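Notes for the one structure printed next.
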Amino acid sequence: MFDEQAGFDARFEWGIEGIRRLGPLSDVLVIVDVLSFSTAVDIVVGRGACVLPYRWRDERAAGYARDADALLAGGKRHSTAGEPYTLSPSSLLAIPSGTRLVLPSPNGSMLSQAAAELAPVVITGCLRNARSVARAARSIGGVVTVVAAGERWDDGETLRPAVEDLLGAGAILSALDADAPSPEALAAIAAFEAAASDLDHHLRACASGRELIERGFERDVALASELDGSTTVPLLHKHAFVDAGRWPSPTDYR
């Protein structure tokens, strides 16, 4: 099919349809949701904990967490004494090692669960861990597809391409240094390189960043803009994102 980016070893697409189309054709699929799922997962996994992605934030999530012997992240970004951990990356900075956290998200978690059924290796990446994620993907080899999550318009269904995810995907693809990137991948790389000198400004000024800052989550935007501030590679293994550094050989990622 014309939209499969055949013949290229590094590919770029958007959203759930991108995963459905390119996931089965990829050796590694990287999901990028910079504000804020991928950044939150990077922080949790970097602390020695793990994230169980789950799409729904309702009674099903509570049951899933009980069955998985895990904590359920709070439904709002603002932490409370009863729900200290949320989708807000800053709420996760002190999460204890060994914690199992169910993190509901209609975007990043939904894409992660879909990808698990379609791609042999699933990683979540962001600006914070772009170089480390690229290094891990390159060590596995084959076709690497980076999928930007994007956001949703008010109808809850229509994809809104999000600048922050374009930049995060471009950062990973740039560091991947593939032999044959697709034109779509090259466009993402070009966007990242154009913004790389002042990522903090671009994340603060883009629509998603402005929304978070207005809602009181300026620190989350700052954390998300820390290019290569982390060496964590969150790998989806048995329904949970864990640190890929546990696996000494690329073949063990599978």
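In plain terms, the chain from Leu25 to Asp3 could stretch by 6.8 nm, reckoned as 0.36 nm per residue minus the Cα-Cα distance.
Counting neighbouring Cβ atoms within 10 Å and putting the fewest first, the residues Thr231, Thr80, Thr39, Thr145 line up as Thr80, Thr231, Thr145, Thr39. Summary value for the chain: 30 percent relative contact order, contacts being C-alpha pairs under 8 angstrom separated by 6+ residues.
Springs join every pair of Cα atoms under 10 Å in this Gaussian network model of the chain, and among Ala114, Ala134, Ala40 the largest mean-square fluctuation is at Ala114.
Radius of gyration over Kirkwood radius for segment 8-244, both on Cα atoms: the Rg/Rh ratio is 0.94.
Entry note, the chain: the mean residue ellipticity at 222 nm calculated from DSSP H runs of n ≥ 4, each adding -39500 (n - 2.57), is -11000 deg cm²/dmol after division by the residues and rounding to the nearest 500. Highest-first packing order for the peptide set 122-132, 213-223, 11-21, 154-164 is 122-132, 11-21, 213-223, 154-164, based on the mean count of other beta carbon atoms within 10 Å. Considering only beta bridges that DSSP places wholly inside the chain, some 25 percent are antiparallel. Projected label points at Glu17 and Glu59, each 7 Å from Cα along the beta carbon direction, are separated by 3.5 nanometres.
With each label modelled as a point 7 angstrom along the Cα→C-beta vector, the Glu214-Arg100 pair spans 4.0 nm.
Read-outs throughout are calculated quantities, based only on the coordinates presented, and are distinct from any laboratory measurement. Only a predicted model underlies this, so the values are computations on that prediction, with no experimental measurement involved. Cβ sites come from the backbone with ideal geometry, for glycine too, and all protein chains shown count toward neighbours.
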